[in-house]
Every structure is written in structure tokens, then in C-alpha cells.
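Just below is one structure, and these are the notes that go with it.
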Amino acid sequence: MKIRPASSFLDLDTAMSMVKEINTLTELKNEITTATDGWFNAETVTCKDYGYDDRTGWNTYLICCDFTNGKYKQQAVFFADSPISDLKE
């Protein structure tokens, strides 16, 4: 799976330059924790179909998590090119 930041502060070219390849659910959870400095609880990760993106050629999925402090639920963390169900455990 390829992931890129889901951030309104980044333009698409910048976000695409930050694409990472993830092969397992454990890698994804580690990346969530690392990329967000622990602000997101990786154990609450979900994946939502976001639709096809002509700009990237991806069938795009939104990777979401709750904030670690519990204040906000299911906030966007990454866009992905496949669902997390495709990842190995």
C-alpha cells in the first residue's frame, strides 16, 4: 500500500513527494505513531473508501484514527491507494 499525508496544509505535489510504501498493518500503525508524534492512537485505525482521484490515478482510501487524548474521533491521517484489509498482519 502507498500512503501520503492527508493534510490541507500540503499541496498535492508535496504530499506525493512524501509517499511511503507500507506492507503490513504493524508498519502502518508504526508510521501513524511516528508521523504524528504520538498524537493519534494507531490502535483505532480505520479505512474509508474516498473514491478515485484523477490527479494521482489512485482508488483512494482515507486512513483515520482517534486522537490519543480521546478528544477527537476518526480524524484523517493518510490517504492510501488500497484498503488496509489488503495489508498483511
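What follows draws every value from the coordinates through simple rules; no lab data is involved. On a predicted model such as this, the values are computed, not experimentally measured, just so you know. Note: ideal-geometry Cβ built from the backbone for every residue, glycine included; neighbour counts use all protein chains shown.
Details
- Sum of side-chain charges, Pro83 neighbourhood, beta-carbon under 11 Å (Lys, Arg +1; Asp, Glu -1): -2
- Applying the Karplus relation 6.51 cos²θ - 1.76 cosθ + 1.60 with θ = phi - 60° to region 57-74 yields 3J(HN,Hα) values of x, 9, 6, 8, 10, 9, 8, 10, 8, 7, 5, 4, 7, x, 5, 10, 10, 6 Hz, where x marks Gly and Pro.
- Neighbour net charge for Thr34 - beta-carbon separation under 12 angstrom, K R +1, D E -1: -1
- 3J(HN,Hα) couplings calculated from phi for region 38-46 with the Karplus curve 6.51 cos²θ - 1.76 cosθ + 1.60 (θ = phi - 60°) are, in sequence order, x, 5, 10, 8, 5, 6, 9, 4, 9 Hz; Gly and Pro show x.
- Note on region 2-82: dipole from Cβ charges, positive end direction compared against Thr56, Ser8, Ala42; the farthest Cα belongs to Ala42.
- Taking each DSSP H run with n ≥ 4 as -39500 (n - 2.57) and averaging over every residue of the chain yields -5500 deg cm²/dmol at 222 nm.
- Other-chain or far-sequence residues with amide H under 5 Å of Gln74's (modelled H): Cys65, Asp66, Phe67
- Over the chain, Cα pairs under 8 Å with separation of 6+ residues give a relative contact order of 33 percent.
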